[in-house]
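Here is the structure we will look at.
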Amino acid sequence: MNKENIIHLAIEHLFKTTGIKATWKETVGGDFDGVLTMNREGKKLVFNVDVKNELRYHQLNTILNKERTGKPILIIASKIFATIKEELRKNEVAYLEANGNVYIKYEDTLIWLAGNKPLEEKKVKTNRAFTKTGLKVLLLYLNDAEWLNRPYRQTAEKAGVALGAIPPITAALKELGYLVNMNNKIRLVNKEELIKRWAEAYADKLKPGIKLGNFMLDVRNEQNWKQIDWIGEQALWGGEPAADLLTNYLNPQEFTLYTTQNIKGLIKNYHLLPHENGRVAVYEKFWKFPDETQKTAPPLIVYADLMHTNDNRCIETANIIYEQYLRKNI
C-alpha cells in the first residue's frame, strides 16, 4: 500500500471511529513526510508524521531518536504489530493505523482506540512461511540449508512440527522468491532479506507465546553467570549474555534464557526464582538441532533477540553477530 493510500484510509477511519477530523500537508525534504492536524473539540493537535507501510523494529530506534522540532511525532502505518505499539506507548510516541486504531498522548489529551479489526487483505499461501510453524521450519533451513533437500519426515521431526506442515511452507517460500531449484537441488536465495524478515516475525509471532516468565538469579550466579553449569542443552543463553559469549563485546544488563525445563526444574536445578521484574526472561527452547557453542541459542535467534530490544548497544552487537555468523551463509 502506498503512502497516499495509507494516509487517506487512516484519516477516513479515524473520523468514522472517533469523529475526529484531520487534515494532511505533505512536506518535501527534512526528516518527516508531512504534518497532520487534528481538530478535537475545538483544540488543534499538530504532529510531524512518519508514514510507513508496516513499522519494523529496526526502524523504531531511528524514529525514537529523531530530533524533535516543537511538534510531537505521529506514526501513520498500514499495520503496526502489538509489541511495537507497546514500545511506542512506553515512549509516548503517537500512532495511527489505516484501520483507525490510534494512540495519542498530547498534553492533557489522551486518545486510545484499539478495537478496530485489521483491514481485509488478500490472503495468499505465502503467509504460511511466517506463521509460528513456518518460522520454526525456516529457522532450520537458515541454520543448515541442507535440510531443504532431506525427506519431509526428517525435516518435520527436526523442526518439531507436523509432517503435513512442510509442503505448504516450502511452497510459500517458493512463491515469495526465497527458494529456487538449481542443479537438481533446492536452494535458499535472497537470504539477507529473509533473515531480517524472520527476525521481525519471530519477535512478533513466535517469541511471545513461548515465554515461561521472568526470574531472578541469586547474587552469586548473577555475578558469575558465565560459570553456571547448565545441564547439557537443557538451557542455553539468548539475547545479551549470548551476544557477550559470541562476540565478547556486550556487557549484559538483561538476561535471556532458552530451556527445555519447566518452572519447577528451573527453581530446583538453577535456583531461578519467579519474579515479575526479574532480569532473566526465560523462554521455551523450541528447536532440536544442536548448537556449535553448546552455551548459546543459534546466532539467528540471538540476532533477533537483540534487534527486538530497541537498545543502541544491543542493535550494534546484533550487527556484529550478523557479520560474523550470519553473513557467511548468504
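Which pairs do you get when a residue that is over 16 Å from Pro299 (Cβ atoms), found in region 193-209, comes within reach of a residue that is basic (Lys, Arg) and not in a helix (DSSP H, G or I), reach meaning Cβ atoms under 8 angstrom, with the pair 6+ apart or on two chains? From residues that are over 16 Å from Pro299 (Cβ atoms), the pairs are Glu200/Arg56. For region 300-315, the condition of being open to solvent by 70 Å² or more (accessible area, probe 1.4 Å) and among the acidic types (Asp, Glu) holds for none of the residues. Scanning region 228-253 for residues that are surrounded by 15 or more Cβ atoms within 10 Å (Cβ to Cβ) and not hydrophobic (A, V, I, L, M, F, W, C) yields Glu233, Gln234, Gly238, Gly239, Glu240, Pro241, Asp244, Thr247, Pro252.
Could you count how many residues in region 154-183 are among the charged types (D, E, K, R) and closer than 24 Å to Ile210 by Cβ?
Initially, region 154-183 is screened for residues among the charged types (D, E, K, R), giving 157-158, 174-175.
Among the residues that remain, those that are also closer than 24 Å to Ile210 by Cβ are: 157-158.
Qualifying residue count for the region: 2.
If I ask for residues that are of a type in the set (S, T, N, Q) and either surrounded by 17 or more Cβ atoms within 10 Å (Cβ to Cβ) or more than 23 Å from Thr23 (Cβ to Cβ) (or both), which ones from region 49-96 would you list? If you could, list the steps in order and put the result at the bottom.
Filtering region 49-96 for residues of a type in the set (S, T, N, Q) gives 53, 59, 61-62, 65, 69, 78, 83, 91.
Matches in region 49-96: Gln59, Asn61, Thr62, Asn65, Ser78, Thr83, Asn91.
The residues of region 1-35 that are assigned to a loop (DSSP other than H, G, I, E, B) and open to solvent by 70 Å² or more (accessible area, probe 1.4 Å), listed by number, are Met1, Asn2, Val28, Gly30, Asp31.
Taking each residue of region 302-330 that is at pLDDT 90 or above and looking for partners that are of a type in the set (Asp, Glu) and part of a helix (DSSP H, G or I) with beta-carbon atoms closer than 7 Å, six or more apart or interchain, yields Cys314/Glu240.
For region 146-181, which positions are touching a residue at least 40 places away in the same chain (Cβ under 8 Å), within 23 Å of Lys207 (Cβ to Cβ) and of a type outside the set (D, E, K, R)? Ala159, Gly160, Pro168, Ile169, Ala172, Leu173, Leu176, Tyr178, listed by residue number.
Yes/no per residue for (1) out of contact with any Leu (no Cβ under 6 Å at 6 or more places or on another chain); (2) assigned to a loop (DSSP other than H, G, I, E, B); (3) open to solvent by less than 30 Å² (accessible area, probe 1.4 Å):
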{"residue": "Asn99", "(1), (2), (3)": "no, yes, yes"}
{"residue": "Lys136", "(1), (2), (3)": "yes, no, no"}
{"residue": "Val161", "(1), (2), (3)": "yes, yes, yes"}
{"residue": "Pro167", "(1), (2), (3)": "yes, no, no"}
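The values are calculated or read from the model by the stated rules, or taken from the named source; none is laboratory data. Quick caveat: nothing in here was measured; it's all calculated off a predicted structure. No Cβ is skipped: glycine too gets one built from the backbone with ideal geometry, and neighbour counts run over all protein chains shown. Heavy atoms of the whole protein, side chains included, go into the accessibility calculation; ligands, DNA and RNA do not. Shrake-Rupley method; radii C 1.70, N 1.55, O 1.52, S 1.80 Å.
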